[in-house]
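Contents: one structure, followed by commentary.
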Amino acid sequence: MTHESDPSGLADDGPPNTVDALVQLSFLIHRIVSAAGAEHDLSVIQIRLLGILRDRQAGMVGLGRHLGLDKSSMTGLVGRAEKRGLVERTPSPYDGRAVLVTLTPEGRRLAGQCADEIGRRVNALTDELPADGRARLTELAASLLPARSGRSGAPERTR
């Protein structure tokens, strides 16, 4: 429902329902991640790649599964990051056909900078909440994550 005084069509019709609140929050977080990446000429998917690799090396198949990308998209993503000196590919000691992707020192530095900036911006969102509210928000958000909830995290197929 739009109001004449709100040309955007986004009039405040009361508190949002769960879906609207979560979707709007995801848009806000996406903007934060995107802005932090733009400061370093990184896309959101490149920031996600660096974030995954901060504490591990990973194979291309696992990275693709986690990022929701097919093999050719993963090859391009890792290739671009490699050209920038952010990651390196090494042969897997376990499978002669596979490669492992690892952050370079520059990639680790940039991943840390982005994580710090994203952390500052996300924390600024919750600064107005009381400590118990922040703790509850963290608990609820974590319970929805696939690793914690037992869900696969893969999007459901619809007809």
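The values are calculated or read from the model by the stated rules, or taken from the named source; none is laboratory data. As the structure is a computational prediction, the values presented were derived from the model and not from experiment. Neighbour counts run over all protein chains shown; Cβ positions are idealised from the backbone, glycine included. In case anyone asks, the SASA skips ligands and DNA or RNA and just uses the protein heavy atoms, side chains included. Shrake-Rupley method; radii C 1.70, N 1.55, O 1.52, S 1.80 Å.
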Taking protein heavy atoms only, a 1.4 Å probe, and rounding to whole percent, the accessible area of the range 1-131 owed to carbon and sulfur comes out at 56 percent
Out of the range 41-139, which trypsin sites (Lys or Arg not before Pro) are coil in DSSP terms and have no more than 11 other C-beta atoms within 10 Å? ARG56, ARG97
Heavy-atom surface of the range 1-132, accessible at 1.4 Å and reported per residue (Å²): 66 Å²
Given bins 10 angstrom wide, list per bin the percent of all Cα-Cα distances in the range 26-132, short to long. 14, 43, 28, 11, 3, 0
